[in-house]
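The values are calculated or read from the model by the stated rules, or taken from the named source; none is laboratory data. All values derive from a computational prediction rather than experimental measurement. Every residue, glycine as well, gets a Cβ built from its backbone with ideal geometry; the counts of neighbours run over all protein chains shown. Accessible surface areas use protein heavy atoms only, side chains included; no ligands, DNA or RNA. Shrake-Rupley method; radii C 1.70, N 1.55, O 1.52, S 1.80 Å.
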Amino acid sequence: MKQKLPEPMQRAFAEAAAAAARGEVPVGAVVVNAKGEVMASAGNRTLQDRDPTAHAELLAIRAAAKAMGSERLIECDLYVTLEPCAMCAAAISFARIRRVYFAAADEKMGAVEHGPRFFSQPTCHHRPEVYGGIGEGKAKELLTSFFKNRR
């Protein structure tokens, strides 16, 4: 029996699907506050914005910080459909995100459980709790389908 995904992760997948429909790599992210209220959500927009930093995580973090009136998202959690890259991991640390939940691991560009393992570095000042594999099969299917259709 399939386990139901948490609502914020479902919303992250909706953002990822919308990104794919725009021709963007299908990654979605959602920031929720301590009460579980969605503060911001986004999908990748690197092509649309012509901005290599327009990853879903960064867009959601920026919008949540603006909505909350603070650069510190201390009691907030991030849900994302793919393991964050080094750039996004740094932003997560700088924003002081409390927990990160991600779906699929990214062996090539991931920086949480792969590559530089950003949060394990001695120079990392803030380390969120990290929970991976939440909806992993769905995320892998979405990514595989997207790239298969582009080749």
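When you scan the stretch 37-58, how many residues do you find that are part of a strand (DSSP E or B) and either under 13 Å from the mean Cα position of the chain (by Cα) or hydroxyl-bearing (S, T, Y) (or both)?
Adding up the residues that qualify gives 4.
With the structure loaded, tell me whether L82 is buried (at least 21 other Cβ atoms within 10 Å of the Cβ), closer than 22 Å to K140 by Cα, in contact with a helix residue (DSSP H, G or I) (Cβ under 7 Å, 6 or more places away or on another chain) and not small (G, A, S) or whether it fails that test.
Numbers: buried (at least 21 other Cβ atoms within 10 Å of the Cβ): yes; closer than 22 Å to K140 by Cα: yes; in contact with a helix residue (DSSP H, G or I) (Cβ under 7 Å, 6 or more places away or on another chain): yes; not small (G, A, S): yes.
For L82, the condition - buried (at least 21 other Cβ atoms within 10 Å of the Cβ), closer than 22 Å to K140 by Cα, in contact with a helix residue (DSSP H, G or I) (Cβ under 7 Å, 6 or more places away or on another chain) and not small (G, A, S) - is met.
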Contacts under 6 angstrom Cβ, first residue in the stretch 11-24 being over 18 Å from A40 (Cβ atoms), partner open to solvent by less than 40 Å² (accessible area, probe 1.4 Å) and in a helix (DSSP H, G or I), 6 or more apart: A20/F146
Among the residues that make up the stretch 64-78, is at least one of them part of a loop (DSSP other than H, G, I, E, B), open to solvent by 50 Å² or more (accessible area, probe 1.4 Å), without any contact (Cβ under 8 Å) to a residue 24 or more places away in the chain and of a type in the set (K, R)? no
In the set A91, A86, A103, the lone residue that is touching a Lys or Arg at 6+ places or on another chain (Cβ under 8 Å) and in contact (Cβ under 8 Å) with a residue 12 or more places away in the chain is A103
Which condition number in (1) among the hydrophobic types (A, V, I, L, M, F, W, C); (2) at pLDDT 95 or above; (3) assigned to a loop (DSSP other than H, G, I, E, B); (4) open to solvent by 60 Å² or more (accessible area, probe 1.4 Å) is the one that M1 fails? (2)
